[in-house]
Each structure stands twice: as structure tokens, then as C-alpha cells.
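What follows is a set of notes on a single structure, which appears directly below.
What follows is calculated from the coordinates using simple rules that are stated; it is not laboratory data. Being a predicted model, the structure only gives us computed values, none of them experimental. Positions of Cβ are backbone-derived with ideal geometry, glycine not excepted, and every protein chain shown enters the neighbour counts.
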Amino acid sequence: MPDQAEPSHLSAAACAPPASLYLHIPFCPAKCSYCDFSSYPRLGALYAPYVEALLREVEQTGAQWGRPPLQTVYIGGGTPTVLPAALLLRLLEATARAFELAPGAEITIEANPGTVTLELLDALRRAGVNRLSYGVQSLQPAFLRLLGRSHSAAQAAQAVRLARAAGLPAISLDLIYGLPGQAPAAWQADLEAALALEPDHLSLYALTLEPGTPLAEGVSCGAVPEPDAELAAEMYEHAEARLPQAGYDHYELSNWARTPAQRSRHNLTYWRNLPYAGCGAAAYSFLAGRRRGNVAHPRDYVARIQRGESTTAEEERISPKLELAETMILGLRLVAGVSRARFRARFGADPIAVYPEAIGESTALGLLETGDEAIRLTPRGRLLGNQVFVRFLP
Ligand code: SF4
């Protein structure tokens with residue numbers, strides 16, 4: 001529990017217009033074995049009506065907020081690049097009409113190797129996309145098969161070459177570690193293979209077995225070995241040691257970038273607990289002190305937009321106390337931690353005054369450290385972050 005009396009109102013920062021926009025494309029060529037994201041294969045007939053519906057929500061959201069300047073746009077999924085180029089370009093054009101794009105705005109698109117061509121990437125760059133995030137996950141055939149990925153390691157390498165050839169200035173690769181049967185040496189080989197592609201940014205995620213997925217069922221019936229949490233921690237520590245040697249700066253629990261300018265500015269909006277708009281099926285927004293989620297299935301989403309109905313499936317009012325807690329929890333994901341000056345400017349109080357017990361206990365356990373400028377997780381705390389986060393919850 002927080003150690004302070006409940007504040008009476010949200011911060012001005014939480015009520016500001018959104019400077020970040022997320023657009024969800026819920027389609028994939030096939031469903032990966034570990035995936036419980038909102039993504040659907042075999043819905044090609046829905047691509048065009050879905051984009052029409054999404055354009056309408058983007059237009060309404062831009063109008064509702066008076067066309068605020070966007071610092072970041074993130075087209076995620078799913079696999080956005082399964083859409084025909086013409087639909088993606090319409091979406092980008094509509095976004096630029098519905099909102100103002102701030103000079104130098106970061107525009108990211110997620111893509112899977114095997115779904116991109118030089119023509120598509122070139123068209124996206126000309127339409128303003130300046131950051132590409134590839135879901136590579138592994139560069140070893142056995143693990144790509146285990147994960148049910150529909151691309152090969154050679155296609156991943158080719159996809160990076162195509163993005164460079166198209167002149168995209170920033171390329172990020174996602175990898176997954178802690179896989180069933182993955183020895184540390186296999187992970188190290190994967191990381192080296194990824195580094196050989198010279199990405200600008202890396203996102204490394206520990207595998208989570210999501211109930212109901214084919215991979216989780218394979219593990220529960222004994223057909224697939226159980227992932228080993230201790231080995232996963234060892235793999236994370238290897239990445240933490242290896243990536244700085246290769247010139248990558250660790251800036252968030254799961255993220256490394258070559259330079260501060262190549263950090264994901266869009267995701268920094270989330271980690272700083274600032275407002276964002278989300279459009280599309282299953283997309284979330286944090287606006288005007290409310291977190292709102294859209295209906296998950298794209299068919300339901302399209303039907304509601306066509307009938308002029310609300311697409312909201314869930315809505316939560318963020319209390320001032322929850323805003324404080326989430327600002328700490330999300331901010332501690334950043335390796336630099338929660339800036340005390342930024343926190344004081346937002347809430348009018350120092351984090352230590354607001355959370356003396358949570359901070360004191362976590363510090364005593366060796367999970368948190370307090371400097372003059374920031375409060376941050378220790379290296380051990382980065383492995384056991386949940387033990388810290390839970391202490392800030394209201
Ligand atoms: S590509 Fe990503 S979103 Fe699509 S099924 Fe695989 S893991 Fe899920």
C-alpha cells in the first residue's frame with residue numbers, strides 16, 4: 001500500500017492531449033504456437049473493411065482532441081505488413097490528416113520477415129515510416145519451428161538487408177529467450193547472429209507460456225520440455241553483459257539501443273505513464289484519466305463502427321493514487337529509473353516522501369537503489385522486478 005494519503009486529483013500530465021498514437025492491425029499469416037495476442041490468421045476478406053473502420057476511429061479521435069501534434073505513431077499487431085501496401089499507405093495518410101505530425105515524429109511499423117519486399121519498405125519510408133520493428137524471435141531453425149514462426153533465419157537476415165536498402169533509418173529486432181530445450185550456448189549463438197545483422201535496437205523477451213496456447217499445452221502434456229526459469233535468468237544476465245560490449249545501451253528491462261536517439265520514443269510514452277490514444281480492435285488508450293480498451297475481435301470492431309456504435313469493451317477510471325503507483329511501476333522499468341525531479345514536477349512530492357515503506361523495504365532487500373537524481377532497480381532488482389512493483393500497488 002502507498003504510505004501517503006490519497007491525492008485528490010490527477011496530474012496535469014495525465015490529462016494532456018495524446019502525443020502518441022497506437023494503431024492495431026490484428027491479422028497474421030498464421031498463428032504462432034506461443035501467441036495469445038489479439039491476432040487472427042485467415043481473415044483476408046476483412047482487411048479492407050477493417051482499415052476503413054480504423055480510419056474512421058482515427059478521424060474521430062483526432063477530431064475529438066483537436067488534431068494534437070503527435071510525437072510518435074506505432075502501427076503494431078498482429079503483423080501489419082500482411083496488409084496490402086495501398087491499405088497501409090491510406091492509413092498513414094489518414095493519420096497525418098486526422099492529427100498533426102510533429103516535426104521528426106517517430107513512425108514505427110511492426111513487420112515479420114517473410115512479409116516484406118523492397119517495394120513495400122520503400123513505399124513505407126516515402127510515406128514517413130522511419131522505424132521498423134521485426135519479430136525475428138530466433139535465428140535457429142529448430143526454435144523457429146518450435147515457436148511456429150512462418151519465416152526462416154535466412155528470411156530474417158534478408159528482411160534486415162531490404163530495410164537498409166530501402167533507407168529505413170532505424171531497425172529493431174525482437175528475440176525470445178528461455179525457450180524449451182534452449183541451452184545458454186544456443187541463446188548466445190542467437191544473440192551473436194542477431195548482432196551480426198547490426199540492428200539499431202534490440203528487444204529481448206523471456207518466453208511466457210500463455211495458458212491455452214499450443215506451446216503451453218505441449219509443455220503440460222510432456223511433449224515439449226518445461227522452460228527453465230533459472231536458465232532464462234542466466235540468459236538475461238548474459239545479454240546484459242554482452243550487449244554493452246557490442247555498443248548497445250540497456251535503457252529498459254527488455255530493451256537496448258545503440259544511441260539514445262534510437263530508443264523507442266513510443267514505448268517511452270508508456271513507461272513514463274503519459275497519455276496515448278489507441279485505435280483498432282483490442283487497442284487500449286490512456287486519455288483524460290481513463291484507460292479504455294476496444295473490443296478484441298476485428299469482425300466485432302468493424303460491425304460496431306459500421307453501425308455507429310461505441311467500440312469500447314472495457315473502461316477503467318484511473319484514480320490519482322493509481323496514477324502515482326503506475327508512474328513508479330512503469331518508470332522503474334527504465335534502467336535509469338524514476339527521475340525524482342520529473343516525479344516532483346508532476347506530483348508536487350518526492351517519491352521517497354510518497355512511498356517511504358515500499359522504497360525502504362525494496363532497498364533493504366537489495367532490489368532498489370536511490371540516488372540524488374533517480375530511484376532505480378539494482379541489477380538483482382531487474383531480475384526480480386515484480387517483487388518491487390507489487391509494493392507500490394494501491
Ligand atoms: S506473428 Fe506475432 S502476433 Fe502474429 S501470431 Fe505470431 S506472435 Fe502472434
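Counting only Cβ charges, +1 for Lys and Arg and -1 for Asp and Glu, the dipole size of the range 18-73 around its Cα centre is about 80 debye.
Dividing the helix sum by the residues of the chain, where each DSSP H run of 4 or more adds -39500 (n - 2.57), gives a mean residue ellipticity at 222 nm of -11500 deg cm²/dmol.
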